[in-house]
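Here is the structure we will look at.
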Amino acid sequence: MKIVYLNASGQMGGSERSLLDFMASLRAAEPRVALELIAGADGPLLEQARALGVAARALPYPRALARLGDAGAGGDKSRLLGTLGRASLSTPSVALYTTRLRRVLAAAAPDLIHTNGFKMHVLGAWAAPRGVPVLWHVHDYISSRPLMARLMRAHADHCAAAIANSLSVADDVRAACGAQLRVFPIHNAVDLGRFSPNGPALDLDRLAGLAPPHRPVVRIGLVATMARWKGHEVFLRALKMLAGDPPVRGYVIGGALYETERSQCDLEELRRLAGRLGLAGRVGFTGFVDDTAAAMRALDVVVHASTQPEPFGLVIAEAMACGRALVVSRGGGAAEIVTPGEDALVHEAGCVSALAGRMGELARDPALRAALGNRAALSARRRFARERLASELMPIYRLLCAEAV
Ligand code: GLC
């Protein structure tokens, strides 16, 4: 069996980390299945896929397509329609790209095409060789983006089935695309060898250019991509609300990743906000960190502050696997992976005072942090072992390939 994966970006966002975990799991369990990756841009994803034994190449998107973001799509409807939405493929650079992709896919001769990311769901449906099933792997809510939902619905009959990263996203895909589309929920997993309570920890102060603290501090960090809905501002405002006892240092860990427009907040903007809030010296910005496990191990508390329902929340699973005390935004797929009060604390999404309340509780109570962290590590071992991925995915590949012959 040969699977070709189509991924929009070459950078390592959440859906790319998830894709690599699926590939790693398949390589270990089914070494005879050939895996190939085609990405819309070059970048670290390709190197990491190759390291797993996956043949990987970039077929770079034309500029218009590269800059068109999933998350920004809702705010930029006319361009989205102009670039992707016309059934006639009238944008010349997109039409040309589709033709090249069609040729590359025909030459690769896959048994199944597994697409990751909205743009590749649509392009894959357009470019798949006749009779080759296309499996959409959906990582985000589509119904909150009306045009995306429309495009997906319009192409659902070119798609053999979809995978969703949570039950909540699966419901959303069904609602957006119609009940005739089969949707299989598969929760993500993480590399428990890498994301574990024991291992090296980064010097976050040095990375963020902060002087070492004079006395012990509780380190609380938001680990996230720079998408606006990840709640950086809520986090900074919550930090501001904490009384100085015990002393807390906040960290914003992550940097801009994607080429897409308007969907990301800017680090400089956040620094200015921190300045205005009087947080100078109390919060550090590390920028992009490759080894997020080592960053998490340097934190006493990991914060997830998404202001919209989180489709899954890989960072939550990773922080649990690292045995960290964790505060999570209520709602979405995230609600399926934590047990509130047991292995994480939750707060109302977007509510500064609720987040500050949870952060304060944890800052004051080292025993609570330890208990939550220990239970989180146990939950992660049960729920997030990567072996599960291949065992859930292979029956779907086999079913769709059997139906296609
Ligand atoms: C997307 C989702 C995120 C999820 C990741 C991996 O980035 O927004 O919630 O963890 O995909 O599935």
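Rule-based calculations on the coordinates, nothing more; no lab input. Since the structure is predicted, the reported quantities are computational estimates derived from the model, not experimental observations. Note that each Cβ is placed from the backbone with ideal geometry, even for glycine, and that neighbours are counted across all protein chains shown.
For the chain, the longest principal axis of the alpha carbon atoms and the long axis of helix 146-155 meet at an angle near 30°.
Taking amide H as placed 1.01 Å from N in the peptide plane, the amide H of V183 sits under 5 Å from that of A162, each at least 5 places away or on another chain.
Rounded to the nearest Hz, the phi-derived 3J(HN,Hα) couplings of region 113-118 under the Karplus curve 6.51 cos²θ - 1.76 cosθ + 1.60 (θ = phi - 60°) are 10, 10, 9, 10, x, 3, where x marks glycine and proline. Each semi-axis of the equivalent ellipsoid for region 260-390 is √(5λ) with λ an eigenvalue of the Cα gyration tensor; in descending order they amount to 25, 18, 15 Å.
Enumerate lysine pairs in the chain that are 8 or more residues apart or on different chains, then count those whose Cα atoms are under 28 Å apart.
On the way: K2/K119; K77/K119; K77/K230; K119/K230; K230/K240.
Lysine pairs satisfying the spacing and distance rule in the chain number 5.
Mean residue ellipticity at 222 nm from the helices of the chain, using -39,500 (n - 2.57) per DSSP H segment of n ≥ 4 over the full residue count, to the nearest 500 deg cm²/dmol? -12500 deg cm²/dmol, from helical runs alone. Here the Karplus relation 6.51 cos²θ - 1.76 cosθ + 1.60, evaluated at θ = phi - 60°, turns the backbone of region 33-44 into coupling constants of 7, 7, 10, 9, 10, 10, 10, x, 7, 6, x, x Hz, with x for every Gly and Pro.
Taking the Kirkwood radius as the inverse of the mean 1/r across Cα pairs, report the Rg/Rh of the chain.
Working: Rg = 21.2 Å, Rh = 21.8 Å.
That ratio equals 0.98.
Applying the Karplus relation 6.51 cos²θ - 1.76 cosθ + 1.60 with θ = phi - 60° to region 105-112 yields 3J(HN,Hα) values of 5, 4, 5, 6, 6, x, 8, 7 Hz, where x marks Gly and Pro.
The length gained on full extension between E336 and A55, counted as 0.36 nm times the residue separation minus their Cα-Cα distance, comes to 97.8 nm. Near the amide H of A325, within less than 5 Å, lie the amide hydrogens of V302, G373, all on another chain or at least 5 residues away, with H placed in the peptide plane.
Given R0 = 45 Å, the distance between the Cβ atoms of N198 and T307 translates into a calculated FRET efficiency of 0.85. Under the shape rule built on the C-alpha gyration tensor, where the axes satisfy a ≥ b ≥ c, region 117-254 is prolate, since a/c reaches at least 1.5 and a/b is greater than b/c.
Spin-label model, Q180/E403: points 7 Å from Cα along the beta carbon direction are separated by 1.2 nm. Residues whose amide H comes within less than 5 Å of that of S306, counting only those at least five positions distant or on another chain, are S329 (H built at 1.01 Å from N in the peptide plane).
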